[in-house]
Every structure is written in C-alpha cells, then in structure tokens.
1. Within 10 Å of each residue's Cβ, count the other Cβ atoms and sort His121, His18 from fewest upward.
2. Using +1 on the beta carbon of Lys and Arg, -1 on that of Asp and Glu, and nothing else charged, what's the dipole of the chain about the Cα centre, debye to 20?
3. Of Ser77, Ser141, Ser180, which is the most mobile in a GNM of the chain whose springs link Cα atoms less than 10 angstrom apart?
4. Angle, helix 48-77 long axis vs. longest principal axis of the chain, Cα atoms, 0 to 90°, nearest 10?
5. Please compare each pair in Lys113/Lys172; Lys55/Lys158; Lys19/Lys187; Lys125/Lys217 to a cut-off of 32 Å on the Cα-Cα distance and tell me which ones are over it.
6. Nearest 10 degrees is fine. How inclined is helix 14-44 to the longest principal axis of the chain, computing both from alpha carbons?
7. In the chain, if the dipole is taken from +1 on Lys/Arg beta carbons and -1 on Asp/Glu beta carbons about the Cα centre, which of Leu138, Ile200, Ala108 is farthest to the positive end?
8. Relative to the longest principal Cα axis of the chain, at what angle does helix 184-219 sit, 0 to 90 degrees, rounded to 10?
Amino acid sequence: MALPKNVFMFGKSKALEHKIDEFLDRLSESALLFDLAIKSYLSDGYSEDFAAKRKDVNDNESAADVLRREIESQLYSQTLIPESRGDVLGLIETLDDVLNLCESSLWAFDIEKPKIPDEHHALFKELTEMVVQSVEALARSSRAFFRDFDRVTYHNHKVMFYETEADKVSTKLKRQIFASKLDLAHKMHLRFFVESIDNIADWSEDVADRLAIYALKRSV
C-alpha cells in the first residue's frame, strides 16, 4: 500500500527524521560552500578564504559520515518500514558519495593549486554553478522522497537539466582550454579540474536515477 502524501516515511521516529534532515542540510550547505570556494579560488587563487571554505566542506563531510552511520544503525535497530530500509540506506550512501566528490575536488585544488588563466574563469564559474544547482535539486528531490514522493519526478527533472547543462559547459571549457596556447601539460592539468567539478553533476544524476526507482517502488 502506498504511503500517504506529505507524511515523513518514518513519522513515528522524530529522531531519525531529524538526522535525515540534518544530513540533507549538510549536503546542500556543502554544495553552496563548494560554489563559494571555487569562486574564491578563481578570484584570488589559493587564499585563506578558499582554505577556510574547503575546511568547512571537509567538516560537513565528516559530520555527514557520523549522521550516515547513525541513520544506518537506527534503521537496523528499529523495525521501520523494512521493505524500504534498503532503499533508504542506498540513497543515504550515494548522497554521501556526492558530498565526498565535493570534498575531494576542493582537496585537489588545495594540494595541486592549478594556474587558471583569466580567459577560462567565466566558464569555470558557469560550470560550478550548474553543478551546484544539480546537487541542490537532488537534495530537494531526496527530501520529497521522505515526505511527498510525487514531487520526486519534478525535482529529478531539474537534476537532469542542470547535469546536461554542466556537460555542455564542460565540453565548451575543455575545447577552449585545448584551443589555447598553453603547453600540453598545463592543458591536461586544467582538464582534470574541469572533470573533477563536472563529475559531481554526473554522480548527482546517477543518484537521481536511483531515487526515481525508489519513489516508483513506494508508489505501488
């Protein structure tokens, strides 16, 4: 039997509801911090501001890991809709992977400190914005899964839209880089960073695909 709309999946467990909400808050906040960190790097290069935002994302990822383990433990220790438990665990784990990609991309900037010529800044910013929008839409879709799963399709459509736009910008940016007069090693280095950002949107789309299946299972 389908669950009522606008009711949290685990409505009898406010503690679990709070943890899942906090986990999704961490994901959304990390995406916003990622956007600010990349823009800071493009504006000022490696700086205290960039390092602080990278640390904030790192702290969010660590806190999300703790929440993920607590959610998993609570799901197994309580008999809360056991037929959906595996889907919830899979969703939380793959959402955590998105957060990990944000963190690892910023760590790469922190360690390798790429030199990005000014003429590529605009497309790097646009790419980052499309990626962040895809993650934000995924967070909204995930919230809908627990409260109003009929809205999952609506939000998933936005994930797909922004992922497609990110791919377009990524391709355009790589063409721009390889058409430049930079030496090949520099071009290859910049391509790595383009792909490290774009991969976040790619993975968000993969999670959204899984989420669509979970929502379909809940609706029947």
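Please treat every number below as a calculation from the coordinates, not as lab data. As the structure is a computational prediction, the values presented were derived from the model and not from experiment. Every residue, glycine as well, gets a Cβ built from its backbone with ideal geometry; the counts of neighbours run over all protein chains shown.
1. In order of increasing Cβ crowding within 10 Å: His18, His121.
2. The dipole magnitude comes to about 460 debye.
3. With Cα springs under 10 Å in the chain, the top fluctuation among Ser77, Ser141, Ser180 is at Ser77.
4. Roughly 20 degrees, rounded to the nearest 10.
5. Beyond 32 Å: Lys19/Lys187; Lys125/Lys217.
6. 10
7. So the residue furthest toward the plus end is Leu138.
8. The answer is roughly 10 degrees.
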